[in-house]
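Since the structure comes first, as structure tokens, the remarks are kept for the end.
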Amino acid sequence: MSITDSSVEVVLRRRARRSKCPCGYTTAASYDQAPRRWRHLDFGRHKVWLVYSIHRIECPTCGVRTEDVPWARPRARHTRDFEDTVLWLVTRTDRTSVSTLMRCAWRTVTSIVTRAVDALIDSRRLDRLYRIGVDEICYRHPHKYLTIVGDHDTGKVVYIAEGRGRESFSEFFEQQSARERGAVQVVSMDGSPAFRAAAEHHVPRARQCMDPFHVMQWVNRALDRVFSDAASVRRTLTMQAPQWRKARTALRLGKNRLTKTHKSLLRTVINADTEVGTAWRLKEQFRDLYRKVAPSNAVRYLRRWIEEARSCGIIAFVQLARMIEKKAEAICAAIELGISNALIEGINSKIRLINARGYGHHSAESLKAMIYLNLGGIEVKLPTQT
Ligand SMILES: [Zn+2]
């Protein structure tokens with residue numbers, strides 16, 4: 001062991017006579033050997049390095065390979081404990097904190113995450129998928145997209161492809177065997193014709209439906225428009241920016257989730273502008289379609305809602321009614337099939353969080369790894385947790 005002001009080097013010597021290939025094969029023969037260092041968890045202010053003369057062996061199956069060591073993953077330059085700590089941290093805190101605390105470059109964090117995801121993700125995750133949802137996210141403006149496929153039954157992300165076209169979604173189906181494709185019964189999505197075409201081609205017998213998350217987004221956007229027109233066009237409302245943002249949040253929130261402050265703000269807005277009042281009521285009635293209406297009654301309820309929205313005299317809602325009418329069948333199919341907005345909403349909010357923590361916006365590759373790590377069902381434990 002050698003200690004300097006800033007580092008500790010621990011030299012390891014082998015006891016075992018045989019070297020192990022990552023595949024499990026062991027041999028006493030050595031092809032060659034060379035010293036290697038692994039960064040380990042810090043000891044106070046000191047960076048700790050494990051130093052070991054690593055052997056290469058000739059495996060009958062794998063060829064010439066570096067031997068397996070118990071303290072690190074194959075090809076890693078950091079110990080397993082160091083890597084696991086990094087993985088645990090990146091799912092909980094921002095990028096700058098991780099690289100400051102661990103004293104390593106951001107590049108290093110990315111490569112640890114990417115390699116761990118390759119090693120830890122469930123390779124049978126495309127098996128046993130019955131009800132899937134697909135969505136696109138823009139990860140860098142203006143035109144960089146990822147297509148994300150999730151499992152409604154587990155809430156996990158099972159596949160991520162670059163782009164958002166028909167090919168991107170097809171790529172997922174092409175990874176599945178014919179038997180696995182045959183098991184898919186439901187595909188939920190936004191209104192994208194590209195996704196629809198891919199699903200029609202690869203799983204023609206699966207039922208397609210509209211994701212409640214996206215439909216509610218349409219409704220809320222129409223409501224937003226009516227609200228902002230109250231200030232800029234009809235001039236019935238004057239509000240300071242912070243108040244304005246609070247009111248918009250209150251309008252968007254479900255009636256059952258409003259606080260006292262929200263409620264009084266909402267009353268003020270609705271009293272000042274009757275169109276906002278009507279729009280808000282229509283939004284709440286639409287929400288009830290997913291929350292309160294019995295599936296057997298959904299078609300009738302939706303038809304009545306469309307009629308009412310069409311005749312309410314508010315342009316944003318007349319247009320919305322038209323959009324919803326076109327998709328009415330797929331909207332009701334989601335209700336009948338019990339598709340909630342939980343999966344896609346979960347994916348969207350988690351990805352917003354990943355971006356906010358500074359892990360987004362870089363390469364598609366590193367963002368994909370972060371999404372899998374956070375949403376792909378990978379269990380990350382600190383070295384001290386058992
Ligand atoms: Zn081998």
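The values are calculated or read from the model by the stated rules, or taken from the named source; none is laboratory data. What you see is a predicted model, and the numbers here were worked out from it, not measured in a lab. No Cβ is skipped: glycine too gets one built from the backbone with ideal geometry, and neighbour counts run over all protein chains shown. Please note that ligands, DNA and RNA were not included when accessible areas were found on the heavy atoms of the full protein model with its side chains. Shrake-Rupley method; radii C 1.70, N 1.55, O 1.52, S 1.80 Å.
Expressed in Å, the radius of gyration and Dmax of the Cα atoms of region 1-71 are 14.4, 45. When you filter the chymotrypsin sites (Phe, Trp or Tyr not before Pro) in region 79-142 for DSSP loop state and at most 12 other Cβ atoms inside 10 Å of their Cβ, you are left with 130. Taking θ as phi - 60° and the Karplus parameters 6.51, -1.76 and 1.60, the scalar couplings of region 252-262 work out to 6, 4, x, 3, 6, 10, 6, 8, 4, 4, 4 Hz in sequence order, x denoting glycine and proline. Would you work out what percent of the accessible area of the chain, with all protein chains in place, is carbon or sulfur (probe 1.4 Å)? With neighbouring chains kept in place, the figure for the chain is 49 percent. For region 195-313, the alpha carbon positions stretch 53, 29, 28 Å along the principal axes, listed from largest to smallest.
Phi angles of region 184-198 translate, via the Karplus equation with coefficients 6.51, -1.76, 1.60 and θ = phi - 60°, into HN-Hα couplings of 6, 9, 9, 10, 9, 7, 7, x, 4, x, 5, 5, 4, 5, 4 Hz per residue; Gly and Pro are given as x. Taking Cβ atoms as reference points and 10 Å as the exclusive limit, the residues near residue 227 contribute a net charge of -1, counting Lys and Arg as +1 and Asp and Glu as -1. Looking at the chain, the accessible area is 54 square angstrom per residue; that uses a 1.4 Å probe and ignores ligands, DNA and RNA.
Please report, in whole Å³, the volume per residue of the convex hull around the C-alpha atoms of region 235-277. All intermediate terms of the calculation are to be shown ahead of the outcome.
Details: hull volume 2.8 nm³, N = 43.
In region 235-277, the Cα hull volume divided by residue count equals 65 Å³.
Just to check, using Stokes-Einstein with a Kirkwood Rh over alpha carbon pairs, what's the diffusion coefficient of region 1-119 at 10 °C and 1.306 mPa s in µm²/s?
Values: Rh = 15.6 Å.
Using the Kirkwood radius from Cα pairs, D works out to 102 µm²/s.
Based on DSSP H segments of at least four residues, each scored -39500 (n - 2.57), the chain has a per-residue ellipticity at 222 nm of -15000 deg cm²/dmol. In a DSSP loop and with at most 14 other Cβ atoms within 10 Å, the trypsin sites (Lys or Arg not before Pro) in region 1-61 are 13, 14, 15, 17, 18, 45. Shown here for region 329-386: GluC sites (Glu not before Pro) in loop regions (DSSP other than H, G, I, E, B) with at most 13 other Cβ atoms within 10 Å, namely 379. If you wrap the tightest convex hull around every Cα atom of the chain and split its volume per residue, you get 190 Å³.
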